[in-house]
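Structure first, commentary second.
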């Protein structure tokens, strides 16, 4: 069985589980890393020549938590949306969503800015990229951090800044401005390179279900997305929008893709296998910047956040197991997205009047940036703000309407007790 090996540590973090403790995923898909920090040689004869083991972080680099509220540089959910990571100007923090609590923090006193923190479910391995005005690490490097040892155990170096990182138990995906690199997690061997259109946001999504890898990234044309099916070795290009792609999301199994363009009015859902358009929903009539899209675990719902200060939840009329096949609806089924009252003359009036609208909404501060995911409790949504806000809300799947706020926290407050 593949395991993630790490040297024993006198004070391992009890809040992180070893990958071998995970029971909700196939243990055979766990990464296996045998890195030797004292060695100047590559870990394996065929490993990536840009990979180098690094020396342990000196004890004096770990400082007590700062007294002042930190500046938030990055927030992201882990793969199952049960946790989230925050990169700050002097370290990083990891939080549990339900119940909400800080799991742990790492504060650095030399530089310390972390611009990207990518978790691997709840295990002890994270990917870090330096950021902010005083970065802890060069922004062109991905540092592999082992929290059992409280230090970096390796790095991947590039010629330009790293825009984002995606982790699976078997792969590391590094996104640059116009190129994406896919590495094997076992030996960090480079498996694939993809060229993209200018991608300053580092847009990239990977499937997380056990089995085959599906990767989505921008194509080489405006409005185009590229879908890589690694199991079947097939590449699919989808012209999703006329305008520039600004956001997309994959369902857990990689079968469904939701996309939004710079117009921010419509969200489209595609079958990743054949590229067919399955559904189109309307966020609103005015232009908006879409910040995040998220499928529920069963692909029954889609959540959307934007700069308009509203999180929308849409009902998907798609069978998650067989994209393209509508769910048969009965009296007990949840309400579908409402249509305009003028939809009876569909085809006569502009498309706007026959669009599918959201089932549920939650109002936030307009102009602020939020990301969204579905909670582990039924019909709940978790919302994270770049201002440090944490909301957990519940929506009514039958009647829809305004969501109910269940809890709120400011996770950046230094006096917060967890």
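The values are calculated or read from the model by the stated rules, or taken from the named source; none is laboratory data. Everything numeric here is computed off the predicted structure, so don't read it as measured data. Note that we place each Cβ from the backbone using ideal geometry, even for glycine, and neighbour counts take in every protein chain shown.
So the values come out like this:
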quantity	calculated
Qualifying residue in region 185-202 (condition: under 24 Å from residue 75 (Cβ atoms), touching a residue at least 12 places away in the same chain (Cβ under 8 Å) and not in a loop (DSSP other than H, G, I, E, B))	no
Hey, residue 215 closer than 21 Å to residue 181 by Cα, crowded, with 19+ Cβ neighbours inside 10 Å and either without any contact (Cβ under 8 Å) to a residue 60 or more places away in the chain or in contact with a helix residue (DSSP H, G or I) (Cβ under 7 Å, 6 or more places away or on another chain) (or both) or not	yes
Residues located in region 130-151, provided they are closer than 20 Å to residue 169 by Cβ and touching a strand residue (DSSP E or B) at 6+ places or on another chain (Cβ under 6 Å)	142, 143, 144, 145, 146
All strands (runs of 3 or more DSSP E) inside region 62-151 with 1 or more residues being touching a residue at least 40 places away in the same chain (Cβ under 8 Å) and under 21 Å from residue 204 (Cβ atoms)	72-77, 83-88, 114-119, 125-130, 141-146
In region 248-293, the residues that are surrounded by fewer than 17 Cβ atoms within 10 Å (Cβ to Cβ) and either under 19 Å from the mean Cα position of the chain (by Cα) or not assigned by TED's automatic domain parsing to the domain that holds residue 219 (or both)	289
Residue in region 183-199 that is crowded, with 20+ Cβ neighbours inside 10 Å, in the same structural domain as residue 243 (by TED's automatic domain parsing) and farther than 21 Å from residue 219 by Cβ present	no
Region 218-242: number of residues that are surrounded by fewer than 16 Cβ atoms within 10 Å (Cβ to Cβ) and in a loop (DSSP other than H, G, I, E, B)	6
Matching residues, region 152-167, being modelled with pLDDT of 85 or more and in contact with a strand residue (DSSP E or B) (Cβ under 6 Å, 6 or more places away or on another chain)	155, 156, 157, 162, 163, 164, 165, 166, 167
